[in-house]
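Report on the following structure.
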Amino acid sequence: MAANGSEQTVAAYIKHHLTNLTYGKLPAGFERHDGEIVAAGGDWTIAHGGDEATAMGFNAIHLDSMFWSLGLGVLFCWLFRKVATQASSDTPSGMINFIEMVVEFIDGTVRDTFHGRNPVIAPLALTIFVWVFLMNFMDLIPVDLIPHSLELLGIPYQKIVPSTDPNITMGMALGVFVLMVYYSIKVKGFGFVKELTLVPFNHPAFIPLNFTIEFVGFLAKPFSLGLRLFGNMYAGEMVFILIAVIFSAGAVWMVPAGLLQIGWAIFHILVITLQAFIFMVLTIVYLSMAHEDH
């Protein structure tokens, strides 16, 4: 964290917290942060800084985003399986009661929003809501706690909120897009082609214009789905980082910074829940549109 509150140190602190732990291949001849020149054939390694991550190109992978997102997915599966094995006909209590409330809420939302018949939609909606919520919930952990602890072990960077990584949010949106295309073709058949070419102007002369309008609108759905989640969570993480910077301004700022931290955390509980709900509802709506055969 910034020790003297100078602009340069604060900027470096913020940049450090917004950098992913990236693994990839540095090209031959690239000069690394320590002055070492990458030998012929390149070097598969962990990036130290944004310039090295950029040089790795498309094949680089964010290890922290993958670890935390997959880990939280495993946690979700383990928790819900445990509750399912413990469920009985008796009156539920504790965690079982809470999980049942979540399942009933998701089931009711699907019934009200999805107008087709598909047994996959409700489990998919439940998975999306809980998984995205868990990823968003990591934003409530103090920004220095885990990254600083891992830095002591030699791990230079660590972003623990997967939904602040556009690769994660756009990857999930891409999965939704694939399902949209699949069910549009499966349910509508050739009618899907008609939707893209004969709407809104039902005349062969307007096919190029219709296709341009409809195809752009079709692609905009997954892009807006992924970018909306990323943008909101990235902004929330930035606020937490900026509040953390205030703690370095001196003892007189400790109490105001602490109050800001608590206040923003309480408000952010609503944000992380709402963003998970919006991602889930829009997924249901898009898949419902894919099942509508006029």
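Values quoted throughout were computed directly from the atomic coordinates according to the rules given, and no laboratory measurement underlies them. Predicted model only: the values in this text are computed from it and were never measured. Every residue, glycine among them, receives a Cβ derived from its backbone with ideal geometry; neighbour counts consider all protein chains shown.
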Would you mind pulling out the separation of the Cα centroids of the range 75-142 and the range 205-255, in Å?
25
Provide the FRET efficiency to the nearest 0.05 for the Val187-Asp144 pair, computing r from the beta carbons and using R0 = 41 Å.
0.25
Run lengths n ≥ 4 of DSSP H only: what is the helix-derived mean residue ellipticity at 222 nm for the chain, with -39500 (n - 2.57) per run over all residues, to the nearest 500?
-22500 deg cm²/dmol
Over the range 67-216, what number does the Rg to Rh ratio reach, with both radii from the alpha-carbon atoms and Rh per Kirkwood?
1.12
Just the ratio, please: alpha-carbon radius of gyration of the range 1-111 over 2.2 N^0.38 Å, N its number of residues.
1.75
Net +/- balance of residues flanking Met135 in space, Cβ distance below 14 Å, scoring K and R +1, D and E -1:
-3
Cα-Cα over 27 Å: which of Lys194/Lys221; Lys186/Lys221; Lys25/Lys159; Lys82/Lys159?
Lys82/Lys159
Using θ = phi - 60° and Karplus 6.51 cos²θ - 1.76 cosθ + 1.60, couplings along the range 163-168 (whole Hz; Gly, Pro as x):
6, 8, 10, x, 5, 6
For the range 142-153, Karplus-derived ³J(HN,Hα) couplings (6.51, -1.76, 1.60; θ = phi - 60°; whole Hz; x for glycine and proline) come out as x, 4, 9, 4, 6, x, 5, 5, 6, 5, 5, 8
Starting from the Kirkwood radius over alpha-carbon pairs of the range 94-134, derive D by Stokes-Einstein at 4 °C in a medium of 1.567 mPa s and give it in µm² s⁻¹.
121
